[in-house]
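Q: I have a structure I would like to understand better, so I am pasting it below and will then ask my questions one at a time.
The values are calculated or read from the model by the stated rules, or taken from the named source; none is laboratory data. Keep in mind it's a predicted model, so treat the numbers as computed, not measured. Cβ coordinates were reconstructed from backbone atoms using ideal geometry, including for glycine residues, and neighbour counts include every protein chain displayed.
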Amino acid sequence: MQRIFQQTFVFDPERTLTLRVDSKTNSVVRIEYMKNGKEHRECRQGPAIIQWHDGGLLFEEAWMEFGKLHNSGGPAQREYDEGKLFMEAYYVNGVLHREDGPALLEYPSPNHARRAEAYYRKGLRHRPSKDGPAITEWDANGHVVRQEFWVAGKRVKQPMPSRPHPQRSPRRSAAPRPR
């Protein structure tokens with residue numbers, strides 16, 4: 001049975017650091033940075049929450065400001081499966097958001113074979129249809145098993161692939177063929 005004890009360090013009346021320690025192994029299992037009672041640490045300083053599994057393998061990192069998931073320079077949340085990166089999520093002020101790629105990424109890991117990605121802007125599923133699907137899932141063999149197209153939070157039909165116009169046969173001139 002795991003027994004956890006907690007130690008809180010007060011830096012000033014507004015800021016605290018809390019360590020949760022497994023008393024059996026004497027190892028830290030969770031670190032929380034708080035400001036005014038909310039999870040908070042400036043993103044350039046690192047995650048506000050770091051959590052480990054019983055065996056000491058990293059489980060979660062969360063960048064938070066004023067109690068909301070937030071990281072303007074990268075993913076705001078990372079989850080690990082047996083120490084291997086399994087999921088990354090990009091948040092700005094508590095909502096899924098990323099301008100230059102998918103806001104939610106899931107990777108294959110020891111206990112999860114599928115891979116997935118989802119595009120979000122300002123908390124809404126969004127990716128212009130011409131750029132591809134907003135949600136894609138792959139199976140363990142890399143085959144697409146699901147695709148959905150979303151624009152501004154509304155599901156849209158998959159666009160038809162553009163086909164080149166059929167080429168017209170060259171016109172034959174009325175002049176006789178040379179023999």
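Q: Give region 107-127 a look and list any residue that's farther than 24 Å from H40 by Cα and at pLDDT 95 or above, or say none.
A: A116, E117, A118, Y119, L124, R125, H126, R127
Q: Scan region 51-71 residue by residue and report those that are loosely packed, with under 14 Cβ neighbours inside 10 Å, under 18 Å from T18 (Cβ atoms) and small (G, A, S).
A: Listed by number, the list is empty, since nothing qualifies.
Q: Out of region 1-28, which residues are under 26 Å from G94 (Cα atoms), in contact with a Lys or Arg (Cβ under 8 Å, 6 or more places away or on another chain) and not in a strand (DSSP E or B)?
A: If the condition is that a residue be under 26 Å from G94 (Cα atoms), in contact with a Lys or Arg (Cβ under 8 Å, 6 or more places away or on another chain) and not in a strand (DSSP E or B), then E14 is the only one that fits.
Let's see how each residue does on (1) in contact with a helix residue (DSSP H, G or I) (Cβ under 6 Å, 6 or more places away or on another chain); (2) within 22 Å of V29 (Cβ to Cβ); (3) of a type in the set (D, E); (4) without any contact (Cβ under 8 Å) to a residue 24 or more places away in the chain:
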{"residue": "F66", "(1), (2), (3), (4)": "no, no, no, no"}
{"residue": "L69", "(1), (2), (3), (4)": "no, yes, no, no"}
{"residue": "E82", "(1), (2), (3), (4)": "no, yes, yes, no"}
{"residue": "L85", "(1), (2), (3), (4)": "no, yes, no, no"}
{"residue": "D100", "(1), (2), (3), (4)": "no, no, yes, yes"}
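Q: Any idea which of E88, E117 is touching a Pro at 6+ places or on another chain (Cβ under 6 Å) and under 21 Å from A48 (Cα atoms)?
A: E88
Q: Continuing with the same structure: Scan region 96-105 and tell me whether some residue there is under 13 Å from G153 (Cα atoms), surrounded by 15 or more Cβ atoms within 10 Å (Cβ to Cβ) and at pLDDT 95 or above.
A: Yes.
Q: Restricting the search to region 29-46, which residues are in a loop (DSSP other than H, G, I, E, B) and either surrounded by fewer than 12 Cβ atoms within 10 Å (Cβ to Cβ) or not charged (D, E, K, R) (or both)?
A: If the condition is that a residue be in a loop (DSSP other than H, G, I, E, B) and either surrounded by fewer than 12 Cβ atoms within 10 Å (Cβ to Cβ) or not charged (D, E, K, R) (or both), then N36, G37, H40, G46 are the ones that fit.
Q: Residues in region 61-78: is at least one within 30 Å of D131 (Cα to Cα), part of a strand (DSSP E or B), hydrophobic (A, V, I, L, M, F, W, C) and under 26 Å from the mean Cα position of the chain (by Cα)?
A: yes
Q: Might you check whether a residue that is of a type outside the set (D, E), surrounded by 11 or more Cβ atoms within 10 Å (Cβ to Cβ), out of contact with any His (no Cβ under 7 Å at 6 or more places or on another chain) and under 20 Å from G83 (Cβ atoms) occurs anywhere in region 6-23?
A: Yes, because at least one residue in region 6-23 is of a type outside the set (D, E), surrounded by 11 or more Cβ atoms within 10 Å (Cβ to Cβ), out of contact with any His (no Cβ under 7 Å at 6 or more places or on another chain) and under 20 Å from G83 (Cβ atoms).
Q: Now, a different point. Please pick out the residue among A152, A89, A175, A134 that is at pLDDT 95 or above, surrounded by fewer than 14 Cβ atoms within 10 Å (Cβ to Cβ) and either over 29 Å from K38 (Cα atoms) or of a type in the set (A, V, I, L, M) (or both).
A: A152
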